[in-house]
Each structure stands twice: as C-alpha cells, then as structure tokens.
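The values are calculated or read from the model by the stated rules, or taken from the named source; none is laboratory data. The structure displayed is predicted, hence computed values, not measured ones. As a convention, Cβ positions derive from the backbone with ideal geometry for all residues, glycine included, and neighbour counts pool all protein chains shown.
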Amino acid sequence: MATLELSMQGDATSAPARGRHKFGLLFWLASGWLAIVLALAILAPVLPLQNPTDMDMLERRAAFSGEHWLGTDGLGRDEFARLIFGARVSLTVGLIAPMISLVFGGALGLLAGYFRGRFEMLVVGSMDVLLAFPPLIFALAVTAYLGQSVPNLTLILGVLGIPAFMRVARAATLTLARREFVIAAEALGASHARIILRELLPNVILPLLAFFLLGVAVTIVVEGALSFLGLGVPPPMASWGSMIGEGRDSLDIAPRLAFLPAAALFLTVLAFNLVGDTLRALTDPRQGAL
C-alpha cells in the first residue's frame, strides 16, 4: 500500500511537470522576428520611407548609402522601401488566404467528422477532386479570367488550402466525437448544433489554429512562387516573390537584389513554422488521449 501511495504521489507530482512546456529560445526568437515584420508591414505607410515605386534611372543598382539603406534595384527604386511594402503584400495574402481555408475547410471537416455517412463521403470526395486538380492550372485559369490582383491571388490560395484544413478538422472531430463529454451531452438531449458549437468546436479550433500558422508559412512560399512566375501581384506593386523574380536579372551584377527578399522570405517562413510546430505539439489531441 505504501508503495502504491508513493507511486500515485509521484504520478500526481510529475503530471504538472509534464504539463509545463518550455517554449525554448527558438520559439521566442521566431516570435520576436514575426512581431518586427508585422509591425513594419502595418506601419509602412507612416514610416519615413521613400516611395517604393519612384524610379531614378541614374541610381540604378546603387550601393548601400544613407539615402538608400539597402541600395536600389534595377529601376532605381529604393530596395528597403520595397522590402517593407513587399512584406505588406506577402503577409496580407499569407494571412487572409489561410483564414478563408480555415473557415470553410474547418466547417466542412467538423460537420463531416460529426455526421459521417453520405455527407462525409460527399465532402471527402469533393476535396479529393480539388486536390487532384493541378493547382498551377487553376491559378492560371482564375488569373486569366479575373485578372492579376491581390484579392484574386488571395482567393485562389484560399480555395486551394480548403482540403488541408478540412482533413485536420475532420481528424480532430473523429477523435473527439466519441469522447465522454460528447456522449454525455447526447444523453442529456442536447441538439446537434449545441454539441458542435459548445462541445466540439472549442476543442477542434485549437489544432486548427496551430495548423493555421503552418498554412501561413506555406501560403507565403506559394505566393512568392506565383509572383516569381508572374502570376502574383501586378507591377509596380512589390511582393517578396516578385522582388526575387526581378532580382534574378541582376544576379551577376547585384545579387543582393534577389538574396535580400529571399532571406526575408526564408526567415519569416521559418519563424511561422517554428511557432506553428510548437503550438501544434501543445494542441495535439492525441496527446490528450494518452
């Protein structure tokens, strides 16, 4: 009995210790970088920056100076200003497109995982069809029909991300649908809407929000790739992807024009991945079932 009591006391004291999660230095560094980038992007219109579209052909590819902190690009535009305003476009698309995917994909996955049956087959089948459709062709078709703009690009990436969020929401719902608190709510006569909104949604939203941060990282990369290919934002508007594409023509003369936006893109995506992975580990429903 004494051994059993000691064992129970040891488990009770070790449980809170296991529950505590040390975020670590990398998490805080990543969070700090994201805070800086977001602050610069939000405050870009009021910061003392040069106009990112003003051209000076006499200052093409100028080196670092007090007037141009990061030099100028191939058309004499201030590289630092374009980098900051490019962050506005990349982060706008990177944040809003996953929000579209989160709302629609999360709702479909939650309903499919709860009701099951034919509705689940219909939802999963439609998502499989969307996944099977080549995303580049879809982007080309929508861009050719609607034209190049930030809203159209955001809509394209938001629709393409719905299947991934649907799968995450459905998997989490399947894990939780037969838990004791859901069965108890059903036994007490709670309606389907009440069970979904009051019992399942607060638990499903946590892994979805963690996956949202990973989706932001992926979306920023995809937006950069589409802008690099000329399918993103229309010129002279800047995004990190379009700046990389413009800088490739100057790789032999001024490689910084491609490397600076590439470094900003890399660090931002890495930061979102680090924060998202940490939060995903904290909200993994499988850990709560152990």
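Data overview
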| read-out | value |
| --- | --- |
| Pair list, Cβ < 7 Å and 6+ apart or interchain, from the stretch 275-286 residues that are closer than 22 Å to L174 by Cα to residues that are at pLDDT below 70 | L282/H21 |
| Residue count for the stretch 58-67, restricted to those that are surrounded by 14 or more Cβ atoms within 10 Å (Cβ to Cβ), of a type outside the set (A, V, I, L, M) and free of Cβ contacts under 8 Å to residues at least 40 places away in the same chain | 2 |
| Cβ-Cβ under 6 Å pairs, at least 6 apart or on other chains, the stretch 68-94 side under 16 Å from G232 (Cβ atoms) and hydrophobic (A, V, I, L, M, F, W, C), far side assigned to a loop (DSSP other than H, G, I, E, B) and modelled with pLDDT under 90 | F85/P52; F85/A238; V89/V233; V89/S239 |
| The stretch 117-142 - residue that is at negative phi and of a type in the set (G, A, S) and, of those, surrounded by the fewest Cβ atoms within 10 Å (Cβ to Cβ) | A132 |
| Counted residues, the stretch 24-35 - those being within 20 Å of the chain's Cα centre (by Cα) and either surrounded by 12 or more Cβ atoms within 10 Å (Cβ to Cβ) or at pLDDT below 90 (or both) | 8 |
| Test result for R280, modelled with pLDDT under 80, in a helix (DSSP H, G or I), under 18 Å from the mean Cα position of the chain (by Cα) and not hydrophobic (A, V, I, L, M, F, W, C) | yes |
| Subset of the stretch 91-111 that is buried (at least 22 other Cβ atoms within 10 Å of the Cβ) and among the hydrophobic types (A, V, I, L, M, F, W, C) - its residue that is farthest from L155 (Cα to Cα) | L110 |
| Criterion: at pLDDT 80 or above and either surrounded by 21 or more Cβ atoms within 10 Å (Cβ to Cβ) or over 23 Å from V37 (Cβ atoms) (or both) - qualifying residue of A185, A225, A164, A177 | A164 |
| Only listed residue being surrounded by fewer than 14 Cβ atoms within 10 Å (Cβ to Cβ), of a type in the set (S, T, Y) and either at pLDDT below 85 or closer than 20 Å to L200 by Cβ (or both), chosen from Y145, Y114 | Y145 |
| Test: residue in the stretch 36-57 that is surrounded by fewer than 21 Cβ atoms within 10 Å (Cβ to Cβ), within 20 Å of A258 (Cβ to Cβ) and modelled with pLDDT of 90 or more | yes |
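Let's see how each residue does on (1) within 24 Å of the chain's Cα centre (by Cα); (2) not hydrophobic (A, V, I, L, M, F, W, C):
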| position | (1), (2) |
| --- | --- |
| L70 | no, no |
| R77 | no, yes |
| F85 | yes, no |
| G94 | yes, yes |
| S101 | yes, yes |
| A107 | yes, no |
| F115 | no, no |
| F119 | no, no |
